[in-house]
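The structure under discussion appears below in the form of C-alpha cells.
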Amino acid sequence: MSFIRPKFRHPELPKNALGYTVDYYEGALSTLCAGCGHDSIGAGVVQACFEMNIEPHRLAKLSGIGCSSKTPNYFLSNSHGFNSVHGRMPSVATGANLANRDLIYLGVSGDGDTASIGMGQFVHVIRRNINMIYIVMNNGCYGLTKGQDSATSDNGSKNKTGVMNVYESIDLASLAIELGATFVAQSFSGDKAQLIPLIKAGMQHPGFAFINVISPCVTFNNNVGSTKSYDYVRQHIEATSTVDFVPEMTEITTTYKSGVTQKIGMHDGSSIQLHKIAQDWDPLDRQSAMNAVKLSKKNNEILTGLLFMDPDAKDLHQLLQTTEKPLNSLSQSLLCPGSEMLKQINEDFR
Amino acid sequence: MSLSTLKVNDFVVRFANVNGSGSASANFLFTKAIFRMGIFVTPKNIFPSNIQGLPTWYEVRISEKGYLGRREGIDLMVCVNPQSMASDVAAVKPGGYFLYDSSKNLHDQYIRDDIHYIAIPLMEMCNNAFTDPRQRQLFKNIIYVGALSALFGIEFKMLEDLLAEQFKGKEKLIPANIKALNLGIEWVHQNHIYPLDIRVERRDLIGDRIMIDGNAACGLGALYAGASVAAWYPITPSTSVIEAFASFSDSYRVDPVTGKKNVAIVQAEDELSAIGMVIGANWNGARSFTSTSGPGLSLMNEFLGLAYFAEVPAVLIDVQRTGPSTGMPTRTQQSDILLAAYASHGDTKHVLVFPATPKECFELTADAFDLADELQTPVILMTDLDLGMNDHISEPLKWDDERAYKKGKVLDAEALEKIDKFGRYLDIDGDGIVYRTYPATHPSKGSFFTRGSSRDEYARYTEDSAAYKRNVDRLTKKWNIAKNMVPLPQLYQDKNASSIGILFFGTSTFSAEEAMDILRDQGLVVDAIRLRAFPFSQTVLDFIDVHERVFVIEQNRDAQMKSLLTIELQIDPKKLIPVLNYDGMPITADTILNTMKESTFVLSKFKKIA
Ligand SMILES: Cc1ncc(C[n+]2csc(CCOP(=O)(O)OP(=O)(O)O)c2C)c(N)n1
Ligand code: SF4
Ligand SMILES: [Mg+2]
C-alpha cells in the first residue's frame with residue numbers, strides 16, 4: 001500500500017521566505033501507530049525546516065531500520081532519502097557527506113538502531129565529527145520487532161508484560177558528550193517548543209549535532225512502570241534552559257532576565273539563545289555538561305535542552321582538508337591525471 | 001662443470017630470511033637488477049602473519065621463456081635464517097646450491113651429499129666491516145646480493161644504478177651499500193667458485209614492460225577512474241591498494257593553488273562501515289570504492305545485498321587470501337568466488353571481474369567503476385595476494401585520453417524538467433536499467449526514497465507481492481544485459497583444435513599458459529579460455545559446449561568456479577574436471593600437468609600421440 005496525503009490545504013497557510021507553505025515540507029502519510037512519539041518528532045522536523053527556509057532538495061535524509069528509521073518517508077518528500085541497514089546509517093551518512101559537503105544531512109535512528117547494533121558506527125561518527133544532525137527517537141524498546149527491551153531501557157523499568165529490565169541502561173547523551181560530540185541535546189517528543197529550536201540549531205551546527213529525543217512507543221512501552229512512557233517522562237523532565245535558535249540577521253526579540261541568558265554565536269552569524277534554568281551549568285564546558293547530566297540522572301530527572309556545544313570544532317572535511325567543492329562535482333579533467341602522466345608513472349616502475 | 005647442466009636464465013632462487021630483518025629491499029635489488037638486464041623474473045613473497053622474528057621467504061624465478069608463474073624446486077637457496085634451515089636444506093633440488101652464513105658451523109644433519117654448499121661468513125664479514133649494530137644486521141643482506149651477483153654474473157652497473165635511484169637525496173648512504181656489495185663479490189672471487197652453472201646473461205626480452213604489484217595497479221586504476229571517496233579497514237593483503245591510492249592521490253589529487261585535496265580517504269572502524277561509506281558516497285554521485293579481503297567481504301555481505309536491491313553502484317576490490325580470519329592470512333588463494341558472486345541474503349548476484357596481470361588490475365579497476373555506474377550495482381574485482389602483493393612483469397599501463405567516464409543513466413535538472421513524473425525504478429528503455437538522480441538535482445523533481453525492495457516503480461512504499469516480483473524480474477533482465485557489458489573472456493585460439501579445453505582465470509593464468517606450452521611441446525594441443533568476468537557471456541558456454549572435457553583450473557579446495565559455471569550455465573558437472581591448488585602457495589604448471597595427466601581421457605590422447 002502506498003499512502004498519499006490528501007492534497008487539499010487551507011488556502012491561507014503562511015509562507016516562508018522561499019514562498020513555500022509548511023505542507024511543502026511534508027512527506028507520505030505516516031503508517032506508525034496513532035500517538036507514536038516518532039510522528040511528533042517528524043512534525044518537528046517539518047516545522048524546523050519550514051521556519052529555517054530550507055530548500056528540501058538541499059537536504060538528504062538517512063536512516064537505519066526501525067519504526068523510527070521509517071519516519072524520513074513521512075517528512076520532506078522533496079528530499080532524497082535513504083533507508084539503509086540496521087545500525088549502519090552513520091556510515092552511509094559519512095559517505096554521502098564526503099561526496100557532497102554542501103548539503104544538510106539529517107540522520108534518523110532509533111535506540112536499538114543506535115545503542116545496540118549501531119553502537120560502533122555511532123561512536124565513530126562522533127569521532128569524525130561529520131557535519132550532520134543525528135536524531136535518535138528513543139523509546140527504550142524495539143518498536144518494529146514488537147517491543148523487546150533496548151539498551152536504553154532504564155534499569156528497573158517495566159515493559160508491557162510487566163517484566164523488569166535488570167540491565168544498566170546506556171545513556172546516549174552522556175556517552176556522546178564523553179566521546180567528544182560537538183553538539184549534544186536532549187528533548188522529548190511531546191515538547192515541540194523545545195524540540196524545534198534544537199533541531200534548527202543542530203542543523204546549523206557545523207559538525208556532528210546529536211539530539212536524543214525521548215519518544216514514547218504507545219504500543220509497547222507506554223505502560224505504568226515504564227520510564228519511557230508519556231506520563232513518566234512528563235513527570236520527570238527537567239530542562240537545562242529554554243532554547244531559541246536565532247537565524248542570521250534576525251533581530252533578537254526574546255528577552256530574558258539578565259544574568260541567566262547566554263548567547264552562543266555560530267560562525268555563519270546565527271546564534272543560540274539560552275535561558276538558563278540549571279544554574280551551575282555551562283553549555284560550552286564539556287565537564288560541566290557531563291556533571292549536569294549525571295546529577296539529573298541521580299535525581300531521577302531527565303535533563304533536556306541543549307547540553308553541550310563546541311561551535312569551533314572542525315568537521316571531517318576540514319580534518320581531511322578536502323576541497324571546498326563537492327567531490328561529486330569534480331570533473332574528469334580534475335580527477336584523471338591522463339595518459340602523459342601515466343607514461344611517467346610507468347617509467348618509475350622500470 | 002659440464003655443459004649439460006649449464007642453465008642460463010632459467011632457474012629459481014629462494015631467500016630464507018627472518019621477518020623484519022631488512023631483507024626485503026636487498027632481495028628486491030637482486031630481482032630488479034636481473035629485470036634491468038632484460039630478463040624475465042618473477043618474485044614471490046612467502047611471508048608469515050607477523051611483524052618481526054618469524055621465517056619469511058622470497059622466491060625468484062628467472063625465465064628466458066617468459067614464464068611468470070611459480071615453479072617448484074629450488075636451484076639455489078640463500079639461507080640466512082637458522083630457524084628454517086632444516087626445511088630449506090631439504091627444498092634444494094639435487095645438484096643445486098645451498099648458500100648459508102658460515103659464521104657458525106653447519107650442523108651435520110644439514111649436510112646432503114647431492115647438493116653444493118656455498119659457505120660465506122656473512123655475519124663475521126659484516127662485524128669486521130661495520131660497527132653500527134643496525135648496519136651489521138642490514139648489510140649481511142647486501143653482502144649476499146653482492147656474492148650472488150658474482151656467482152650468477154649480474155652486472156654490477158645495474159646494482160649501482162638501482163642503489164643510486166633508491167638513495168636519491170640520501171646519497172651519503174650509498175658508499176656503505178657499495179662496500180657491502182663488494183665484500184660479497186670479493187669473497188666469491190677469492191674463493192674461485194664463479195660463475196655457477198646457473199647464471200644470467202643479458203637479453204632484450206623486457207621491451208617497455210614494467211615491474212609493479214597488482215595492488216599498486218589497482219590503486220592507480222581507481223585514481224584514473226575518478227574515485228574521489230575511498231573507505232577501508234586495514235587487512236592483509238588488501239591494505240596496499242589503498243596505500244597506493246593514497247600515495248598517488250598525494251601526487252595527483254592536491255590542488256596546486258589551495259593545497260586542498262580532490263579526494264577523501266577514510267580509515268573506517270570496520271568493513272561494515274567501509275562499505276556503508278562507499279554506498280553512501282556512490283548514492284550521492286561520487287565514485288567511491290573500498291578494498292578488502294575475505295574476512296572483510298564476509299562482513300560486508302548485508303550491505304552488498306542492499307546495494308544490489310536498491311541499485312546503488314559500489315566498487316570493491318577483494319584481494320583474496322586463505323581463510324578463515326585467523327587462517328593463513330598471508331597466503332594466496334582464489335577462494336572467495338562463491339562468497340562474492342552470491343554475497344548477501346535474498347536473491348542476489350554480483351558482477352565480478354578477474355584480472356590476471358597488473359595491467360589488467362589497472363584496466364579492470366577502471367572498468368569496474370564504469371560497470372558499477374552503468375549497471376547501478378556493486379562490482380567486485382577478484383584479485384589475490386599473489387597478484388596484489390608480488391611484483392610482476394607487466395605490459396605498461398595505458399590510458400586512452402578519449403575515454404570518458406561512463407556515469408550511466410543519471411538524470412540532471414534539465415532532463416528532469418522535461419519529464420512529467422520521475423520513476424526511479426521505471427524500466428523506460430526495456431533493458432532493466434533504470435534512471436537515477438543524485439540528491440539536490442532539482443528543487444521539486446527527482447527526489448525519491450531509497451530502500452531495499454518494499455517499493456514500486458516510483459519508489460513508493462508497498463509490500464505488494466506483484467510489485468516485488470516485477471522488480472526482481474527486472475533485476476534479472478538487467479543481469480542478462482550485463483553479460484554483454486562485462487569484459488569478454490580471452491580465447492587462446494581462433495579455431496578450436498582439440499577435444500580438451502582448459503579454463504582458468506586470474507593468477508592461475510601464467511601457470512596455465514605454461515602448462516599449455518609444455519603440453520604442446522609434448523605433442524598435445526589443448527584449447528583454452530580465460531574468464532575475465534561474471535556473469536558469464538555466451539562465449540564461455542560455447543567453449544564448454546564444444547569440448548568433450550574442460551579442465552577448470554583454480555586455487556581453492558572446493559572447485560568454486562566449477563560450481564559457479566555449473567549452476568549458472570546448467571552444465572553437466574561431470575564435464576568439468578577440477579584442477580585445484582589450495583595449499584596457499586601460487587599454483588605451478590607442474591600441479592596443472594600432474595592433475596591433467598591423472599585423467600584417463602588425457603592419457604588416451606597421449607597414447608594416440610605415442
Ligand atoms: C541485521 C538486522 N537484525 C535485526 C533486524 C530486525 N529489526 C528491525 S527493527 C529492529 C529494532 C528497531 O529498534 P529501534 O531502533 O529502537 O527502532 P524503533 O522501532 O523502536 O523505533 C530490529 C531488531 C534487522 N532489520 N536487521
Ligand atoms: S510500535 Fe511503537 S515505535 Fe513503532 S510505530 Fe507503534 S508506537 Fe511507534
Ligand atoms: Mg526504539
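The values are calculated or read from the model by the stated rules, or taken from the named source; none is laboratory data. This structure is a prediction, so every number in the text was calculated from the model and none was measured. Every residue, glycine among them, receives a Cβ derived from its backbone with ideal geometry; neighbour counts consider all protein chains shown.
The residue of region B:440-476 that is farthest from the chain's Cα centre (by Cα), among those that are of a type in the set (Val, Ile, Thr) and over 28 Å from residue A:55 (Cβ atoms), is B:462.
On the given criteria, is residue B:136 in contact with a helix residue (DSSP H, G or I) (Cβ under 7 Å, 6 or more places away or on another chain) and closer than 19 Å to residue B:26 by Cα? Here the answer is yes, as residue B:136 does meet what is asked. Given the criteria in contact with a Phe, Trp or Tyr (Cβ under 6 Å, 6 or more places away or on another chain) and more than 14 Å from chain A (Cβ to nearest Cβ), does residue B:472 qualify? No: the conditions fail for residue B:472. When region A:106-144 is examined, which residues are found to be away from ligand 2 (no atom under 16 Å from the Cβ) and not aliphatic (A, V, I, L, M)? Listed by number, the residues that qualify are A:107, A:118, A:120, A:121, A:122, A:124, A:127, A:128, A:129, A:131, A:134. Take the conditions within 16 Å of ligand 3 (Cβ to nearest atom), without any contact (Cβ under 8 Å) to a residue 60 or more places away in the chain and of a type in the set (S, T, N, Q) and apply them to residue A:215. Does it pass? When the stated conditions are applied, residue A:215 does not pass them. Mind checking whether some residue in region A:100-119 is away from ligand 3 (no atom under 16 Å from the Cβ), modelled with pLDDT of 95 or more and either small (Gly, Ala, Ser) or on the phi > 0 side of the Ramachandran plot (or both)? For region A:100-119, residues away from ligand 3 (no atom under 16 Å from the Cβ), modelled with pLDDT of 95 or more and either small (Gly, Ala, Ser) or on the phi > 0 side of the Ramachandran plot (or both): absent. Looking at region B:396-416 only, could you name the residues that are facing chain A (nearest Cβ under 10 Å) and touching a strand residue (DSSP E or B) at 6+ places or on another chain (Cβ under 8 Å)? Result: B:396, B:397.
Among the numbered conditions (1) within 11 Å of chain A (Cβ to nearest Cβ); (2) charged (D, E, K, R); (3) touching a residue at least 24 places away in the same chain (Cβ under 8 Å), the only one that residue B:202 does not meet is (1). Remark: residue B:383 matches the filter, which requires a residue to be in the same structural domain as residue B:331 (by TED's automatic domain parsing), under 22 Å from residue B:315 (Cβ atoms) and in contact with a Cys (Cβ under 9 Å, 6 or more places away or on another chain). Considering each residue of region A:114-129, count those that are out of contact with any Gly (no Cβ under 6 Å at 6 or more places or on another chain) and under 17 Å from residue A:212 (Cβ atoms), and give that number. Here the count works out to 9. Of the residues making up region B:300-339, those that are among the β-branched types (Val, Ile, Thr) and more than 14 Å from every other protein chain (Cβ to nearest Cβ) are B:317, B:319, B:322, B:326, B:330, B:332, B:337. For region A:158-173, filtered to residues that are in contact with a helix residue (DSSP H, G or I) (Cβ under 9 Å, 6 or more places away or on another chain) and within 14 Å of ligand 1 (Cβ to nearest atom), the residue that is farthest from the other protein chains (Cβ to nearest Cβ) is A:169.
Checked across region B:258-265, the condition of being aliphatic (A, V, I, L, M) and within 18 Å of residue B:365 (Cβ to Cβ) holds for at least one residue.
Of the set (1) over 15 Å from the mean Cα position of the chain (by Cα); (2) among the aliphatic types (A, V, I, L, M); (3) within 16 Å of ligand 2 (Cβ to nearest atom); (4) at pLDDT 95 or above, all apply to residue A:41 but (1). Would you confirm whether any residue within region A:207-230 is in contact with an Asp or Glu (Cβ under 6 Å, 6 or more places away or on another chain) and away from ligand 2 (no atom under 16 Å from the Cβ)? Yes, that holds for at least one residue. For region B:275-287, a residue qualifies if it is under 16 Å from residue B:299 (Cα atoms) and more than 7 Å from chain A (Cβ to nearest Cβ), and exactly one does: B:275.
Flag: residue A:132 matches the condition of being crowded, with 22+ Cβ neighbours inside 10 Å and either within 16 Å of ligand 3 (Cβ to nearest atom) or at negative phi (or both). For residues that are touching a strand residue (DSSP E or B) at 6+ places or on another chain (Cβ under 7 Å), more than 8 Å from chain A (Cβ to nearest Cβ) and aliphatic (A, V, I, L, M), tally how many sit in region B:250-274. Going through region B:250-274 one residue at a time, the tally reaches 1. Tell me yes or no: at least one residue of region B:89-103 is under 27 Å from residue B:40 (Cβ atoms), not charged (D, E, K, R) and not in a strand (DSSP E or B). The answer is yes; a qualifying residue exists. Scanning region A:136-192 for residues that are more than 16 Å from ligand 3 (Cβ to nearest atom) and on the phi > 0 side of the Ramachandran plot returns A:156, A:162, A:180.
In region A:122-157, the residue that is farthest from ligand 1 (Cβ to nearest atom) out of those that are within 12 Å of chain B (Cβ to nearest Cβ) and of a type outside the set (Lys, Arg) is A:130. crowded, with 17+ Cβ neighbours inside 10 Å, within 30 Å of residue A:31 (Cβ to Cβ), within 14 Å of chain A (Cβ to nearest Cβ) and of a type in the set (Lys, Arg): does that describe residue B:451? Yes; evaluated as a whole, the condition is true for this residue.
Search region A:86-121 for residues being more than 23 Å from residue A:201 (Cβ to Cβ) and surrounded by fewer than 24 Cβ atoms within 10 Å (Cβ to Cβ), and hand back the single one that is nearest to the other protein chains (Cβ to nearest Cβ). Once the filter is applied, the top-ranked residue is A:120. Of the helices (runs of 4 or more DSSP H) lying entirely inside region A:10-121, those containing at least 1 residues that are more than 16 Å from ligand 1 (Cβ to nearest atom) and over 26 Å from residue A:228 (Cβ atoms) are A:37-51, A:89-99.
Just give me the residues in region B:482-515 being of a type in the set (S, T, N, Q) and under 27 Å from residue B:379 (Cβ atoms), in sequence order. Listed by number, the residues that qualify are B:484, B:490, B:507, B:508, B:509, B:511. Being surrounded by 20 or more Cβ atoms within 10 Å (Cβ to Cβ) and under 28 Å from residue B:6 (Cβ atoms) is the requirement here; does residue B:198 meet it? Yes: the conditions hold for residue B:198.
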